[in-house]
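Taking it in order: structure first as structure tokens, then the write-up.
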Amino acid sequence: MSGFPEFKYRNNILYAESVSLQQIAQEFGTPCYVYSRAALTSAYNEFKNAFAQREHLICYAVKANSNLAILNLLAQLGSGFDIVSGGELQRVIKAGGNPQKIVFSGVGKNIDEMRMALSADILCFNVESLAELQALNQLAGKMNKTAPVSLRVNPDVDAKTHPYISTGLKENKFGVPVSEAERIYHCSHEYPHLEFTGLDCHIGSQLTELSPFMQASEKMLNLLDRLQSQGLEIEHLDLGGGLGIRYTNETPPSISDYVSALCASTTHVKQRLLIEPGRSMIGNAGLLLTRTEYLKHTPDRNFAIVDAAMNDLMRPALYDAYHDILSVHQKTDKTLDYQVVGPVCETGDFLGHNRMLSIASGDYLAVMSAGAYGMSMSSNYNTRPRAAEVMVDGDSVHLIRQRETIDQLTASEAILT
Ligand SMILES: *Cc1c(COP(=O)(O)O)cnc(C)c1O
């Protein structure tokens with residue numbers, strides 16, 4: 001059993017939908033990210049269906065995986081997008097996304113990025129500080145525009161996740177405190193070129209419990225009530241992203257339970273509900289396919305040296321994150337305890353520690369749950385070209401990003417003349 005509905009063994013070979021990963025590795029080479037269209041579609045539909053009749057907008061967090069094919073599929077399904085840079089804005093537009101379904105988050109939007117987003121007429125700027133609010137007001141004035149804004153409120157709740165991806169505590173750099181947000185909304189008339197259309201929060205990523213979401217939602221609702229009683233007309237309530245996925249033995253709420261809980265906690269709210277899921281949309285719809293180059297046995301340890309590395313999938317090195325590692329060809333031979341490591345010159349370059357595997361050199365491995373924050377966080381460290389990406393759809397495979405070439409890597413560099 002693999003535990004992933006779209007990635008299953010057939011006759012001891014791991015498949016993505018109806019295509020064997022062995023075949024994909026041979027045709028497209030490794031390392032290679034493999035996504036399942038069915039898995040992505042079913043995650044989106046689970047979000048959508050759980051909202052039922054509730055007025056809502058699902059804004060996929062582009063930073064989780066920004067490949068144009070993924071953005072395009074989501075756009076076709078009706079998804080909106082949560083972006084954090086001008087680059088992501090251009091990707092969404094290129095992929096056919098509707099600007100009126102884009103929200104723009106992030107603590108450090110620069111003037112060029114704001115200008116681009118104002119020209120594109122996006123749905124809303126999620127503003128994270130008073131200084132940013134003033135800059136946006138000034139720019140909108142110069143451009144003869146009115147910028148739709150939502151303040152990102154920091155509700156000061158503990159997301160109980162990895163400290164690097166916890167964002168809703170008062171010591172984090174994100175958002176403004178509830179009291180300051182209230183003062184700013186109260187003075188909204190001081191910003192003639194802004195329209196305060198929403199209220200926003202995002203408390204962190206890979207949350208495996210509902211309670212922090214519920215605490216945040218309650219604080220947001222209290223604030224919303226106070227703002228409305230002061231006569232402010234807020235059109236939407238954005239509760240952010242952050243729903244966790246199962247990497248190993250986590251038991252996060254299902255997408256539908258999560259959405260149902262958000263809806264239930266906001267029954268008396270007339271505003272449109274927005275959410276910004278990233279990981280839960282694409283995380284378990286992708287894997288990283290890699291080839292075992294060498295096995296190395298020392299008196300202490302067994303190493304499986306594979307052709308994917310921390311530059312391809314940074315999460316283990318960055319967060320000590322766990323990804324399941326499956327043999328593409330499941331064998332019945334004796335297993336050994338392996339350190340699965342890449343070729344990069346860092347001890348932090350590992351994909352998994354202490355994995356019981358039965359492998360030989362040349363065998364392919366699948367690093368599971370790598371659809372989110374995999375390719376999008378990849379780098380060229382050690383002058384390693386970035387991996388290819390393919391999307392499986394039933395029995396067909398589409399190359400959605402070619403493997404990078406060394407020429408591409410050096411193309412914009414120059415030596416002194
Ligand atoms: C990263 C991010 C998200 C998505 O988080 P996930 O954990 O991937 O769902 C949503 N909103 C904002 C503002 C973010 O920074």
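The values are calculated or read from the model by the stated rules, or taken from the named source; none is laboratory data. Predicted model only: the values in this text are computed from it and were never measured. Neighbour counts are summed over all protein chains in view; Cβ atoms, including those assigned to glycine, are modelled from backbone coordinates with ideal geometry. Areas reflect the complete protein model, heavy atoms only, side chains present, ligands, DNA and RNA absent. Shrake-Rupley method; radii C 1.70, N 1.55, O 1.52, S 1.80 Å.
At an R0 of 25 angstrom, the distance between the Cβ atoms of residue 270 and residue 186 translates into a FRET efficiency of 0.75. Ordering of 284-290, 202-208 by packing is 284-290, 202-208, highest average first (other Cβ atoms within 10 Å, averaged per residue). Relative intensity of the chain on a log10 scale, I(q)/I(0) at q = 0.10, 0.14 Å⁻¹, equals -0.71, -1.23, per a Debye sum over C-alpha point scatterers of equal strength in the absence of solvent.
Its Cα centre serving as origin, the range 73-197 has a Cβ charge dipole (Lys and Arg +1, Asp and Glu -1) of approximately 320 debye. Look at the dipole of the chain built from charges on Cβ: of 405, 221, 186, the Cα furthest out on the positive end belongs to 405. Modelled this way, with points 7 Å down the Cα-to-C-beta line, the labels at residue 254 and residue 54 are 1.6 nm from one another. Counting 0.36 nm for each residue step from residue 171 to residue 297 and taking away their Cα separation leaves a gain of 40.8 nm.
Please name which of 141, 96, 125 has its Cα lying farthest along the dipole of the range 86-143 towards the positive end, using unit charges on Cβ (Lys, Arg +1; Asp, Glu -1) and the Cα centre as origin. Selected residue: 96. Based on a Kirkwood Rh over C-alpha pairs, give the Stokes-Einstein translational diffusion coefficient of the range 105-277 at 20 °C and viscosity 1.002 mPa s in µm²/s. After rounding, the answer is 130 µm²/s. Relative to the current alpha-carbon distance between residue 360 and residue 322, full extension at 0.36 nm per residue lengthens the span by 11.4 nm. Counting only DSSP beta bridges with both residues in the chain, tell me the antiparallel percent, nearest 5. If we restrict to bridges inside the chain, about 50 percent are antiparallel. Along the range 68-79 the Karplus relation, 6.51 cos²θ - 1.76 cosθ + 1.60 evaluated at θ = phi - 60°, assigns HN-Hα couplings of 4, 5, 5, 4, 5, 4, 5, 4, 5, 6, x, 5 Hz to successive residues, with x for each Gly and Pro. Which net charge results for the neighbourhood of residue 246, defined as the other residues with beta-carbon distances under 15 angstrom from its beta-carbon, given Lys and Arg at +1 and Asp and Glu at -1? Once positives and negatives cancel, what remains is -4.
Calculated FRET efficiency, residue 334 to residue 226, Cβ-Cβ distance, R0 = 51 Å: about 0.20 to the nearest 0.05.
Comparing the range 62-120 with the 2.2 N^0.38 Å rule of thumb, its C-alpha radius of gyration ratio is 1.02 (two decimals).
The distance separating the Cα centre of the range 1-76 from that of the range 316-341 comes to 21 Å. The length gained by stretching the chain between residue 68 and residue 179 to full extension, at 0.36 nm per residue less their Cα-Cα distance, is 36.0 nm. On a per residue basis, the range 105-277 carries 42 Å² of accessible surface, using protein heavy atoms and a 1.4 Å probe. For the range 105-277, the antiparallel share of DSSP beta bridges with both residues in that region comes to about 5%. Principal-axis analysis of the Cα atoms of the chain puts helix 37-51 at an angle of about 30° to the longest axis. Of the accessible area of the chain, computed with a 1.4 Å probe over protein heavy atoms only, carbon and sulfur atoms account for 48 percent.
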